[in-house]
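The values are calculated or read from the model by the stated rules, or taken from the named source; none is laboratory data. Keep in mind it's a predicted model, so treat the numbers as computed, not measured. Cβ placement follows ideal geometry from the backbone for every residue including glycine, while neighbour counts extend to all protein chains displayed.
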Amino acid sequence: MSKIVNIDWKPNKKSNEPVYKQIVNYMNKKVASGDWAIGNKLPAQRELAKAFNVNRSTVVMAIEELKSYGILEGLAGSGTVVAENTWSILMSSNETNWGSHLESGYFMESLPTIQTINEYEFVDKIRRLGTGEMSPKLFPKEYFNNALRKLSGEISSLNYLEPLGLESLRETIAKRMRSIGINANPKNVLITAGSLQALQLISICMLKKESTVYCEVPSYINSLRVFQSAGMRMKGINMDGEGIQYWNMKEENTNYDSVLYTIPTNHNPTGTTMSLNRRKELYSYCKANRIPIIEDDAYGELTFDKASPNTIKSIDESGMILYLGTVSKSFAPGLRIGWVVGPESVIERLGDVKMNVDYGASSISQLIINELFVNGDYDKFIVENKSRLRRRRDIMLNAMDKYFTEIGRWNIPEGGYYVWTELKDKISMEALFKNALSKKILLNPGYIYDIRNKNKFIRMSYIYLDEDEIEVAVKDLSIIIKEMKKS
């Protein structure tokens, strides 16, 4: 049975704008934002007239105008239904086969390297020079224990939570979103087990096979294979100092089956932060070409010396952007808490699928994060930890100046975890990976993010090693590279 939309608004009869036009604009906004999905049914005209407190003829006039735009349509026996909106087009055309998705596996070309990385990250005395995980020594133990003590006397149950996640946490996140310019209420928020699960949910229930996923190149998403495993085609778009070169997205699809995945702030792996002007241009381009955007803001809170540019989602007036947030990079990955912010219809769909996948993210983790948000300890830690990260970055950059000047060039990140390093001379990255591992240095070679430049890049990370270990590891790696160049 089609869902009947909820009417939560009345026209202003004192306005100079005709009442029927106000109704047209209201309905158009609800559809354009994605809150009303394709197939949603409008109440009967008599009920609409009562809800709007207008004559039935006014309702008929508004509906007929919206039908002429193709936004609404009348179906025999079903009344008036929503005919079109951007995200719903993707959802309604879904052809994902759950069985084939589960059988496809998610490690592809980079399987051996990624498996080795996953294995050796837990080996004793390995120097993790490429990892994207914060050092245990940076864990905010005091703040975490404060939250546990507070909750220990209040928790009376750890039963399953509602499909979208803990309501108080969603309210808190919605408030935090509004503080950075993103218009959201709890119904616009889905709690997930980290950003990766959000991407998995999107890939299996919102994108059809053979749709195109645009992304920056290089990109973290290329190391995951989550979209490819669900049958999507990845198309990398080059970057410059301001971010993705959106004008190179040549939209050739006529069925609106493309989406853009982007990490605009403290990009992984390059560390680039997209300029505000580029964000506005990118949004305008995607809106004009009806390319929905997945904005991953995992590192958005980790800009060191200045405020990060406004999120792309904060300028979204059309419901075209799904915003991904997480505490995995800013606080603790083991809590496995992230969130998606988007139109109500999309969030409801993702929440329904999530319940089929895991019946909800950890209840205790959601309670802990909500307490940390509410009592202010999370934000205190972010401020304190950014100074630590900045110091670690500077230690690595100083070491690079000492030992890498002859062999490479690199960016100077304004935040996040990584120094994206390009070697001046090509060498076998597979061989470098193995040689470094023999010296107990674990690298993230660039080819897992961009196969096109297979033998040139390394993602260097200053987040895991102790401060006094960073320079030694950089020095030892430079020696390995120089010896390989001689041979």
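Values as computed for the structure displayed
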| quantity | calculated |
| --- | --- |
| Residue ranges of strands (runs of 3 or more DSSP E) in the stretch 212-279 with at least 2 members surrounded by fewer than 19 Cβ atoms within 10 Å (Cβ to Cβ) | 233-240 |
| Residue in the stretch 35-45 that is part of a strand (DSSP E or B) and either more than 26 Å from G342 (Cβ to Cβ) or not hydrophobic (A, V, I, L, M, F, W, C) (or both) present | yes |
| Matching residues in the stretch 412-433 - criterion: being buried (at least 17 other Cβ atoms within 10 Å of the Cβ), in contact with a strand residue (DSSP E or B) (Cβ under 7 Å, 6 or more places away or on another chain) and over 13 Å from L477 (Cα atoms) | P413, E414, G415, Y417, Y418, V419, W420 |
| Search result, residues across the stretch 22-45 that are β-branched (V, I, T) and more than 27 Å from M206 (Cα to Cα) | I23, V24 |
| In the stretch 458-487, the residues that are part of a helix (DSSP H, G or I) and of a type in the set (A, V, I, L, M) | I470, V472, A473, V474, L477, I479, I480, I481, M484 |
| Breaking point among (1) hydrophobic (A, V, I, L, M, F, W, C); (2) touching a Cys at 6+ places or on another chain (Cβ under 9 Å); (3) under 30 Å from R149 (Cα atoms), for L350 | (3) |
| Filtered residue count, the stretch 30-44, keeping only those that are within 20 Å of S318 (Cβ to Cβ) and in contact with a Ser or Thr (Cβ under 9 Å, 6 or more places away or on another chain) | 10 |
| Number of the exception - R127 against (1) assigned by TED's automatic domain parsing to the domain that holds K434; (2) among the basic types (K, R); (3) closer than 20 Å to M320 by Cα | (3) |
| Count of residues meeting criterion [touching a helix residue (DSSP H, G or I) at 6+ places or on another chain (Cβ under 8 Å) and over 26 Å from R225 (Cα atoms)] in the stretch 436-475 | 8 |
| Scan of the stretch 109-134 for residues that are under 24 Å from A361 (Cα atoms) and part of a loop (DSSP other than H, G, I, E, B), ordered by number | G132, E133, M134 |
| Meets criteria (modelled with pLDDT under 95 and either buried (at least 22 other Cβ atoms within 10 Å of the Cβ) or in contact with a Cys (Cβ under 7 Å, 6 or more places away or on another chain) (or both)) for G446 | yes |
| Selection count where residues are over 26 Å from K187 (Cα atoms) and either in contact (Cβ under 8 Å) with a residue 24 or more places away in the chain or assigned to a helix (DSSP H, G or I) (or both), scope the stretch 14-34 | 3 |
| Unmet requirement for Y359, which otherwise passes all of (1) on the phi > 0 side of the Ramachandran plot; (2) surrounded by 21 or more Cβ atoms within 10 Å (Cβ to Cβ) | (2) |
| Scan of the stretch 296-319 for residues that are farther than 20 Å from S219 by Cβ and assigned to a loop (DSSP other than H, G, I, E, B), ordered by number | E301, F304, D305, K306, A307, N310, D316, E317, S318, G319 |
